[in-house]
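Here the structure comes first, spelled out in structure tokens, and everything after it is commentary.
Read-outs: derived from the displayed coordinates by stated rules, not from any lab. The shown structure was predicted, so the numbers you read here are calculated from the model rather than taken from an experiment. Reconstructed Cβ throughout: ideal geometry from the backbone, glycine too, with neighbour counts over all protein chains shown.
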Amino acid sequence: MRIFILGCGGSRGIDSRPTAFLIDESLLLDSGTASEVLSLEDCARIDNILITHAHIDHICDLPFLVEAVFDLRKEPIFLYGIKEAIEDISSHLLNGTIWPDFSRIPNPKEAKLSYKTLKPLENLKIGSYTVLPIPVNHTVPSVGYLVDDGKTAFAFTGDTYLTNSFWEKIQNNERLRAIIIEASFPNRLEEMARITKHLTPDLMARELSKLNRMDVEIYVTHLKPFCRKEVVADLDSLSKKLPLKILEDGMQIKL
């Protein structure tokens with residue numbers, strides 16, 4: 001499995017693209033970034049999109065991506081998410097007012113976007129992957145994902161604060177090779193992290209201790225651009241005790 005990091009920032013800014021991970025060319029995990037990085041041909045190869053939640057930094061490229069490939073695909077793009085995320089996207093973004101409702105264009109039978117509602121904690125087969133959405137602790141209904149292709153697997157926390165169920169659901173997966181976990185704010189802004197339901201490096205380390213495994217690679221994502229240098233410094237201090245890698249836009253992970 002290959003994961004191309006289209007964007008891994010906690011917001012948009014100079015040298016910071018919002019969250020989107022492209023898995024083996026056809027599965028997109030969150031859609032904060034895509035059309036400004038990929039060619040039209042590469043965009044058209046995306047068959048399925050997984051959404052963790054409907055905050056703008058995780059969905060902001062969705063309107064442009066669907067529009068870009070409108071004439072390049074015969075089949076619709078399938079957008080997967082929990083009920084609340086699908087409802088927010090269809091009601092507040094692709095609603096015919098803010099942007100065209102591609103689930104009804106050119107007509108409902110030949111629409112270029114199809115919504116698929118996921119049930120938390122129920123495995124679903126999407127292409128060659130088994131996907132498990134796991135509820136996490138954020139300010140809006142959100143899930144992380146365990147993505148398993150039968151040979152290797154990785155887990156993505158999405159945006160979260162302290163949680164237990166995520167770690168309980170992934171820790172016994174024998175194929176788990178990597179975790180992508182957020183650390184949005186520096187340790188000095190722990191109160192901000194608590195209010196906005198995000199992690200600091202110290203809180204992240206506390207969460208990772210719940211995994212109780214030493215055979216999994218750790219990748220850190222979602223650093224806020226305005227405090228990135230501080231977060232990196234805090235992570236560097238942690239790296240002496242905890243092997244981890246900070247994601248950067250354009251990186252690739254091979255599992």
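Which of Met204, Met214, Met1 comes first, and how do the rest follow, when ranked by fewest Cβ neighbours within 10 Å?
Details: Met204 27, Met214 6, Met1 21.
Ranked by crowding around the Cβ, least crowded first: Met214, Met1, Met204.
Go ahead and collect, in residue order, the members of the stretch 137-180 whose backbone nitrogen is under 14 Å from a label point 7 Å along the Cα-Cβ direction of Lys119.
none
Give the separation of the Cα centroids, the stretch 1-50 to the stretch 186-247, in Å.
Between the Cα centres of the stretch 1-50 and the stretch 186-247 lies a distance of 22 Å.
Once label points are set 7 Å from the Cα along Cα→Cβ at both Asn164 and Ser128, what is their separation, rounded to one decimal in nm?
3.8
Multiply the residue gap between Ala111 and Arg194 by 0.36 nm, knock off their C-alpha separation, and tell me the result in nm, one decimal place. List each step's numbers first, then the result.
On the way: separation 83, 0.36 × 83 = 29.88 nm, distance 4.06 nm.
Taking Ala111 through Arg194 to full extension adds about 25.8 nm, to one decimal.
Nearest-5 percent of antiparallel DSSP beta bridges in the stretch 2-247? List each step's numbers first, then the result.
Working: 21 of 46 bridges.
Once the DSSP bridges in the stretch 2-247 are tallied, antiparallel ones form about 45 percent.
So for the pair Ile56, Ile14, with labels modelled 7 Å out along Cα→Cβ, what separation do we get in nm?
2.1
Need one number for the chain: average projected area of the convex hull over its C-alpha atoms, nm². Intermediate values should be presented prior to the final figure.
Details: hull surface 50.6 nm².
Mean projected area for the chain: 12.7 nm², to one decimal.
Give me the net charge of Trp99's neighbourhood, meaning all other residues with Cβ under 12 Å from the Cβ of Trp99; Lys, Arg count +1, Asp, Glu -1. Walk me through the intermediate numbers first.
Details: positive: none; negative: Asp61, Glu67, Asp101.
Summing Lys and Arg as +1 and Asp and Glu as -1 gives -3.
Helix 228-238 against the longest principal axis of the chain: what's the angle in degrees, Cα atoms only, rounded to the nearest 10?
Here the helix axis deviates by roughly 50 degrees.
Using helices alone, what [θ] at 222 nm do you get for the chain, with -39,500 (n - 2.57) per DSSP H run of 4 or more residues, divided over all residues and rounded to the nearest 500? Write down the numbers at each step before the final one.
Numbers: 8 runs with 58 residues, N = 255.
For the chain, the value works out to -6000 deg cm²/dmol.
Given H placed on each backbone N at 1.01 Å, which residues far from Ile82 in sequence or on other chains put an amide H within less than 5 Å of it?
Close amide H contacts, sequence-distant or interchain: Leu118.
Who wins for biggest fluctuation among Leu223, Leu162, Leu29 in a Gaussian network model of the chain, springs between alpha carbons below 10 Å?
Leu162
Can you tell me the length gained on complete extension of the stretch Ile98 to Ala233, counting 0.36 nm per residue apart and subtracting the Cα distance? Don't skip to the answer; put the middle values down first.
Details: separation 135, 0.36 × 135 = 48.60 nm, distance 3.95 nm.
Working it through step by step, the gained length comes to 44.6 nm.
Using +1 at the C-beta of Lys and Arg and -1 at the C-beta of Asp and Glu, which of Thr157, Thr196, Ile56 has the Cα lying farthest in the positive direction of the dipole of the chain?
Going by the charge dipole, the pick is Thr157.
Let's see if you can work this out: charge +1 on each Lys and Arg Cβ, -1 on each Asp and Glu Cβ, no other charges. What is the dipole magnitude of the chain about its Cα centre, in debye to the nearest 20? Before the final figure, lay out each step's value.
Values: 30 positive and 36 negative charges, 102 e Å.
Here the size comes out at about 500 debye.
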